[in-house]
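See structure below.
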């Protein structure tokens with residue numbers, strides 16, 4: 001595959017026209033949308049309006065007149081199709097960590113007779129910290145961290161919650177979420193999913209999977225902007241019994257009655273707490289518009305093609321230089337590919353200097369994300385050309401690339 | 001006091017030149033900075049740069065190159081003087097509700113042998129919800145809500161935490177925080193303060209008061225923008241033992257080592273959790289610049305003068321029409337004044353239609369905030385003129401003002 005044939009395939013792609021919506025610099029091959037999604041000019045425009053007209057001139061009136069009060073609900077409506085869920089099942093709020101805390105606390109209460117949170121050692125570290133934080137606070141929970149392949153074996157009658165991240169942030173390996181959820185249910189446990197590395201790129205089907213709760217971030221493939229709000233999903237069947245420990249007026253049934261008695265809002269909305277971060281939320285709301293033109297199956301297919309092409313080219317040109325640690329079966333990986341190399345940090349920084357932006361995950365992985373909304377096959381080809389050039393000439397072996405500098 | 005003498009006093013005020021920093025519409029008398037602070041054009045400018053240059057062109061590199069990673073620490077440094085605290089005692093993160101949950105959980109752990117969270121029935125309702133949420137989760141806490149004047153009487157050997165909001169959001173009454181903290185300590189309890197209605201307007205002295213923990217929001221007198229991040233304070237003497245249940249990589253000692261083992265960052269920083277909301281945080285960081293030119297004692301004095309002038313004029317002109325429910329002693333009130341009127345909702349909306357923006361707190365209060373950074377004495381005089389006019393001619397008595405519409 002050369003640039004010309006890649007360009008021809010790009011031109012035929014049903015999502016190709018969406019690339020023009022993103023404001024990517026000309027001198028950059030951006031393969032880090034799995035860490036921070038790209039900016040769309042309409043988002044910058046929206047923010048300007050929210051700041052200058054709504055905040056600056058509308059002031060407090062904008063909570064009603066500009067619809068700020070309804071913002072969490074509107075964003076939930078836009079996020080729902082990306083999650084295979086109903087809007088009433090989603091709360092857009094807080095950080096992913098805070099949402100996971102609330103989700104685990106809710107799950108713990110729904111399985112109060114059981115005492116184990118089971119997760120795997122490939123999970124994102126924060127998720128494990130959060131589980132431990134809850135366990136220390138309640139005093140009646142144990143966090144069991146086992147190798148990924150041993151998860152099912154540990155699903156016994158003590159397990160209250162199976163907590164997994166759909167796509168491994170390092171290897172890019174994708175869990176079979178429907179199967180794992182079914183296995184959790186067969187053992188009488190609830191399944192809580194972290195979708196940070198999936199939503200906006202893969203065919204997420206929370207309702208179809210039968211998931212109980214889920215959380216995720218929106219600053220990766222959803223392009224909500226740095227640190228944009230997280231979300232929490234809770235399946236409709238749990239709404240009656242669901243409870244959150246972190247309560248606030250925006251999760252109250254009648255927020256502006258200022259009632260000392262707590263009365264949860266219906267559905268997932270009770271998982272809102274304080275005033276929504278309007279600026280970040282507005283950016284996210286506008287960023288999600290582009291998804292109205294796609295469905296998750298198409299996104300997932302394109303992610304599989306882009307990552308597949310990258311793996312194919314790396315195998316062909318660099319088979320002796322790097323190890324592809326990401327699964328070769330498209331359905332078993334996310335929208336990212338990780339390569340193992342002894343000098344991964346230097347290699348990643350050398351590529352960044354050339355404008356090929358991926359990232360480094362310690363100790364020895366270089367990670368590349370292929371956001372299916374805007375990465376092209378031509379860019380995949382060009383990225384492998386750069387990678388080949390750097391590796392062939394040991395372009396990474398320079399003092400300035402030895403300084404450790406890992407980014408979120 | 002007429003407009004002319006008010007203008008003369010304004011001209012002599014040491015803070016008068018700061019009014020020009022705020023972009024308030026010409027047709028508005030803004031007396032709701034206690035709900036949402038006003039915009040400064042430099043904040044709009046900063047956000048444009050963060051969005052277009054840092055996010056749009058810098059992309060993921062901006063976490064390091066634009067210093068996003070350090071943002072929570074930088075904002076803590078700017079907030080510290082407003083709180084009478086050290087930067088290491090402050091974490092800027094999450095909503096006020098989420099921070100209060102973490103603060104109460106930390107306090108509970110520091111007083112594990114006691115079982116009561118004591119608060120007053122004038123507290124902001126969310127604070128009471130959060131306390132109940134924690135109590136339900138841990139199962140070993142009781143929330144006791146008593147009338148404000150009975151708080152000290154209930155400070156017994158069962159009380160783990162005294163939780164109070166410094167300024168009552170309805171009446172504007174200000175607690176004697178130093179005295180209440182000392183009373184809590186004398187009973188062996190910790191004192192946790194909610195400073196949402198104080199920070200940026202009053203002479204807050206957390207270290208001098210001997211406070212243990214505190215939380216607050218930054219979208220009121222700190223002018224951080226709608227839903228800007230909250231903060232958490234924890235006194236240095238508790239840092240060694242302090243623990244948060246909501247853990248995340250930004251509160252880890254080495255966030256980018258991606259270590260499965262949790263190791264809290266030093267000081268208050270451990271109370272950070274997920275990725276910071278960069279857009280909202282950048283707005284806040286720039287909004288706080290103006291405070292470098294003032295000290296909290298001056299702010300507090302000016303708040304006292306503005307509210308005092310308002311009360312004096314209301315007494316003189318409207319003594320028979322409305323009841324001033326806010327304390328008449330400057331040291332006993334915040335930067336707001338509430339008036340009782342049977343048709344408070346209609347009255348508030350009639351005033352808003354004239355551009356006099358205060359707000360309504362059910363059932364019968366009209367509330368006016370006097371942000372000492374930008375409200376002028378001339379505006380106080382003009383506001384009372386409008387109020388007099390509306391009340392004298394029953395200008396509130398129109399069908400269109402009867403629709404209930406309360407704003408945060």
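Computed extension length for residue A:323-residue A:9: 110.4 nm, one decimal, from 0.36 nm per residue of separation with the Cα-Cα distance subtracted.
Per-residue ellipticity at 222 nm, computed for the protein assembly as shown from helices alone with -39500 (n - 2.57) per DSSP H run of at least four residues, works out to -10500 deg cm²/dmol. Highest mean first, the peptides B:77-85, A:251-259 sorted by other C-beta atoms within 10 Å per residue fall in the order B:77-85, A:251-259. Applying 1/(1 + (r/R0)^6) with R0 = 60 Å to the Cβ-Cβ distance of residue A:65 and residue A:178 gives a FRET efficiency near 0.85. Just checking the listed ones, A:63, A:249, A:193: in the Gaussian network model of chain A with Cα springs under 10 Å, the one fluctuating most is A:63. Taking A:121, A:149, A:364 in turn, the Gaussian network model of chain A (Cα-Cα springs below 10 Å) assigns the largest fluctuation to A:149.
One decimal place: the segment residue A:2-residue A:157 gains 50.4 nm when fully extended, by the rule 0.36 nm per residue minus the C-alpha distance. Based on alpha-carbon centroids, what's the gap between the stretch B:72-125 and the stretch B:275-301 in Å, whole number please? Comparing the Cα centres of the stretch B:72-125 and the stretch B:275-301, I get a distance of 18 Å. Here the label points at residue A:140 and residue B:389, each 7 Å from Cα along the C-beta direction, are separated by 6.3 nm in the simple model. Taking every DSSP bridge with both residues inside the protein assembly as shown, close to 50 percent are antiparallel.
The distance linking the stretch B:353-393 with the stretch A:222-264 is 33 Å (Cα centroid to Cα centroid, whole angstrom). Placing pseudo-labels 7 Å out from each Cα toward the beta carbon at residue A:48 and residue B:253 gives an inter-label distance of 4.7 nm.
Can you work out the FRET efficiency for the pair residue B:241 and residue A:185, with r the C-beta to C-beta distance and R0 = 51 Å, to the nearest 0.05? E(calc), rounded to 0.05, equals 0.80. Across identical copies of the chain, residue A:394 has label-point separations of 9.4 nm, listed in ascending order, with the point defined 7 angstrom from Cα along Cα→Cβ. Inter-chain neighbour count for A:38-51: the average number of beta-carbon atoms from partner chains within 10 Å of each residue's beta-carbon is 4.
Can you give me the angle between helix B:71-83 and the longest principal axis of chain B, using Cα atoms only, in degrees from 0 to 90, rounded to the nearest 10? The helix B:71-83 is inclined about 50 degrees to chain B.
Between this copy and the others, label points of residue B:354 are 7.0 nm apart in ascending order, each placed 7 angstrom from Cα in the Cβ direction.
Contact order for the stretch A:46-293, expressed relative to its length and based on alpha carbon pairs under 8 Å spaced 6+ residues apart, stands at 24 percent.
Most mobile of A:353, A:244, A:218 per a Gaussian network model of chain A (Cα springs, under 10 Å)? With Cα springs under 10 Å in chain A, the top fluctuation among A:353, A:244, A:218 is at A:353.
Helix A:125-138 versus the longest principal axis of chain A: what is the Cα-based angle in degrees, 0 to 90, to the nearest 10? With both axes taken from Cα atoms, the answer is about 20 degrees.
Could you give the angle, 0 to 90 degrees to the nearest 10, between helix B:296-318's Cα long axis and the longest principal axis of the Cα atoms of chain B? Helix B:296-318 sits at roughly 30 degrees to that axis. For residue B:26, the label point sits 7 Å beyond Cα toward Cβ; its separations from the matching points on the remaining copies run 4.3 nm, from shortest to longest. A Förster radius of 60 Å, combined with the Cβ-Cβ distance separating residue B:150 from residue A:398, puts the computed FRET efficiency at roughly 0.25.
Every number in this text was worked out from the coordinates using simple rules, so none of it is lab data. Given the structure is predicted, the values throughout are model-derived calculations rather than measurements. Positions of Cβ are backbone-derived with ideal geometry, glycine not excepted, and every protein chain shown enters the neighbour counts.
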